[in-house]
Structure formats: C-alpha cells, structure tokens
Amino acid sequence: MTNVPAAIDRVRTAREHLVYSVTTTGHRQSYLDTLSAIFALQPVSGRMNFTLFRRLVAAERLLFAMLDEDMVSFAAIAAARSALGRPTVALFLRAQKCFETGRWVHPLKRYAFRALRLLPRLTVASITPFDVAPRHAEVAHCGVFDPQYWDLHDGETLRRPGSTQLSEDVVRRAAGRSVLSVIGTLSANKGLAFLVETLERHPNITEKVLVVGAGSVPAPAAEFVARLKRAGALIIDRFITDSELESLYGVTDMVWACYSPDYDQASGIFGRAMQLGIEPVTREGSVIAAFAAANGIGHIAVAYGHHEALGELLLGPPICSGPTNSLLPSDRGALIGGWRQQFIDTIGAGISGSERAA
C-alpha cells in the first residue's frame with residue numbers, strides 16, 4: 001500500500017525552489033536575503049546530513065549561495081542532480097584560491113573544478129567577472145558581479161544610508177577629523193597588521209584621522225586590535241546591525257579594503273563603499289583594485305606593507321566624505337544597475353535550466 005504522506009512529501013520536495021548556505025553568519029544572511037527575494041527561492045541553511053542532502057538533490061531549482069563552504073557536498077549534490085537532469089547553480093566566492101601556490105590543496109581544487117565544469121546542467125559562477133580575473137574561466141562557467149556590489153540598488157535607484165546612534169557617536173568622536181573605517185569582522189587577514197604598524201610609526205596620523213574599527217574581534221586578531229586601540233583608534237567590538245553599517249558608511253571618508261595578499265577575493269565592504277561613493281583603500285595588485293580600475297571606480301591603491309606610502313596618504317589633504325570617485329551619482333547608479341541585471345539574467349538562466357549561463 002502506498003505511503004500517502006511520504007508520497008506527498010516527495011512531490012513537495014521535488015517542487016521546491018531553494019537557495020542554500022551552510023550557515024547564516026556574517027554576510028551569508030545578506031546573500032540569502034538578496035538571492036531568495038530576486039529569484040523567488042526558499043532560503044535553507046544547516047550542516048549537511050542525509051535528509052538535507054536528499055532534499056537538495058530533489059529540489060526542482062537549486063542555487064548554492066556559496067559553494068566554498070562545503071565543496072565536497074556541493075560536488076556530490078551537483079553530480080547527482082546532473083544525472084537526474086536537474087539544473088544546479090552555485091556562486092564561487094573564492095575561485096582565486098584554485099590558483100594560489102604553496103599548498104597541495106590549491107592545484108587539487110583547480111583540477112576538481114575543471115572536471116566539475118563538464119557536468120551537464122551545472123553552472124558555476126565566479127563572483128568576479130572574467131575580464132578582471134581571466135583565469136577563473138578555468139574553474140567556472142561564467143563570471144558575475146558579487147551581489148554585494150549591487151545589493152543597495154533596487155533596479156531603479158541606489159539606497160542612501162540613514163543615521164544611527166553609532167554614526168552620530170563617530171561624528172562626535174571625529175571632531176572634524178577625517179574618518180577611516182575598518183568595517184566587519186576585524187580579522188587579521190584584513191590587513192590590520194599593516195594598518196596598526198603605520199599608525200605606530202606615524203602617531204601624528206590620529207591628529208588628522210579617526211580610525212574606526214566596527215565589528216566583532218576574533219581571538220587571533222585580539223593583539224592587533226588592542227594595538228589599534230592604543231594607537232588611538234575607536235574600536236566597537238560587537239555585532240553591527242545592517243542599518244548601523246550603512247550609517248557608518250554615511251559618515252566615512254575612506255573605507256579600509258587593503259587586505260593581506262592571502263585574502264585576495266571580492267569584498268562586500270569594498271562593494272558597499274563603491275555603491276555609496278566612498279573612497280576604498282585597496283591593496284595594489286589585488287582583485288578588487290583591478291576591478292575598480294577596470295570599471296572606472298575611484299579608489300586608492302597602496303602597496304601592501306609600504307608604511308610610508310600609507311602614512312603619506314593619511315597625513316595628506318583630507319578626502320571629503322560623499323561621492324569621491326570619477327563617476328557622478330547618476331552614472332554610478334546606471335553602472336551598478338547594469339551589474340545587477342547581468343547577475344539576474346545570467347544566474348536566472350542557469351536556475352531555470354533554459355540555457356547554460358554565460
């Protein structure tokens with residue numbers, strides 16, 4: 001006799017349209033919110049187990065918000081869905097890792113993704129376009145614009161930040177000085193050593209610039225953050241809400257995106273700065289510096305570890321807050337709106353299975 005509840009469950013599962021992330025920490029929730037809203041997908045999160053594996057394989061449409069979190073499960077699910085003729089799309093956040101040297105796992109990833117590219121009905125999308133990172137074409141089917149490069153755009157206009165108690169406190173503490181903000185989790189690979197060493201070598205920087213570190217501090221970075229605080233930085237060691245983050249951009253003159261060389265990938269912090277017209281400080285030679293240059297986005301590229309160059313920048317003429325890049329607000333809105341539409345068209349085609357995204 002047919003198990004009716006089980007049969008109904010199978011039908012329900014097979015018709016599900018899902019977007020999956022292992023966790024919702026950090027920027028992952030923002031990804032899930034953006035992707036689920038645009039593509040009418042149900043957000044799902046959780047560590048992989050047999051029930052979840054079966055659910056993801058059976059879904060009618062499936063988008064991995066970030067395949068980097070669990071590459072083994074992603075590969076197994078993509079292979080199973082390919083065999084069943086179901087389309088799978090996945091965003092590859094750190095495709096650059098496939099081309100790093102020094103560890104055996106990096107070439108292994110490169111060869112694995114070259115093989116995965118051959119699976120029918122699978123679309124792997126790097127969140128950096130191929131014209132900026134051409135090698136990503138070896139491990140992905142297409143390059144799209146990171147959702148955090150355009151998620152403040154609603155299809156018509158760019159959202160502007162409001163004011164919060166946090167932003168008002170920063171303005172008060174700055175007392176007329178320029179503001180350099182280090183935003184998000186204050187991890188060591190975000191170039192904190194370079195920044196704090198520069199402040200320690202040039203203590204008079206704090207007479208002109210208030211450095212603000214806003215975000216939780218993981219244990220490995222505690223020493224760097226303590227040194228930043230001793231050097232005169234304002235440290236806000238806690239979870240920062242989305243509205244607080246946006247308000248901080250609104251009172252910031254420069255956003256720190258000069259990350260260490262082993263953190264060479266798309267950055268939501270950099271993306272939000274672009275959208276809001278705030279000058280990002282980037283690492284010379286990084287993927288985000290190349291992206292900004294290729295798209296006419298104003299930025300300040302500094303050679304990593306060149307303390308004198310960074311000191312000269314921070315001690316130089318103040319950079320006024322507000323739109324400072326070469327694009328007028330209307331032009332920037334049109335450009336970013338185009339990135340948004342390219343993402344929607346490309347990923348939407350892959351999700352629907354109508355064609356291989358390109």
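The values are calculated or read from the model by the stated rules, or taken from the named source; none is laboratory data. Quick caveat: nothing in here was measured; it's all calculated off a predicted structure. Positions of Cβ are backbone-derived with ideal geometry, glycine not excepted, and every protein chain shown enters the neighbour counts. Each accessible area value is taken on the protein alone, full model and side chains, heavy atoms only, with ligands, DNA and RNA left out. Shrake-Rupley method; radii C 1.70, N 1.55, O 1.52, S 1.80 Å.
Brief remarks on what is shown
- For segment 24-38, putting each phi into the Karplus relation 6.51 cos²θ - 1.76 cosθ + 1.60 with θ = phi - 60° gives couplings of 10, 6, x, 7, 5, 4, 4, 4, 4, 4, 5, 5, 5, 5, 6 Hz, in residue order, rounded to whole numbers and with x for Gly and Pro.
- Pair residue 60, residue 185: separation of 7 Å Cα→Cβ label points (nm): 3.6
- Longest exposed-site-free window of the chain, the sites being GluC sites (Glu not before Pro) in a DSSP loop that have at most 12 other C-beta atoms within 10 Å: 157-354
- Simple spin-label estimate for residue 200 and residue 47 in nanometres, 7 Å along Cα-Cβ: 3.8
- Segment 179-253: trypsin sites (Lys or Arg not before Pro) in DSSP loop, at most 12 other beta carbons within 10 Å: 238
- Between the amide H of residue 301 and those of 282, distances stay under 5 Å, these residues lying 5 or more places away or on another chain, with hydrogens modeled in the peptide plane.
- In the set (1) 18, 39, 32, 10, 2, 0; (2) 29, 54, 16, 1, 0; (3) 24, 47, 22, 5, 1, 0, the label that goes with P(r) over Cα pairs in 20 Å bins from 0, in percent computed for this structure is (2).
- With θ taken as phi - 60° and the Karplus curve 6.51 cos²θ - 1.76 cosθ + 1.60 applied, the whole-hertz 3J(HN,Hα) list for segment 181-188 is 9, 9, 10, x, 3, 8, 8, 4 Hz, x standing for glycine and proline.
- Annotation: amide H of residue 191 within the under-5 Å range of 260, sequence separation 5 or more or interchain, hydrogens built in the peptide plane.
- Top of 213, 333, 176 by mean-square fluctuation, Gaussian network on the chain, Cα under 10 Å: 176
- Surface composition of the chain: carbon plus sulfur atoms contribute 55% of the solvent-accessible area (1.4 Å probe, protein chains only, all chains present).
- With a cut-off of 13 Å between beta carbons, the residues surrounding residue 210 carry a summed charge of +2, where Lys and Arg count +1 and Asp and Glu -1.
- In the context of the full set of protein chains, residues of the chain present 43 Å² of accessible surface per residue (probe radius 1.4 Å, heavy atoms only).
- Estimated from helices alone, the mean residue ellipticity of the chain at 222 nm is -12500 deg cm²/dmol (sum of -39500 (n - 2.57) over DSSP H runs with n ≥ 4, per residue).
- Between amide H atoms placed 1.01 Å from N, distances below 5 Å from residue 123 occur with 88, 89, 90, all of them 5 or more places distant or on a separate chain.
- Per-residue surface analysis assigns residue 55 an accessible area of about 60 Å², computed on protein heavy atoms at 1.4 Å probe radius.
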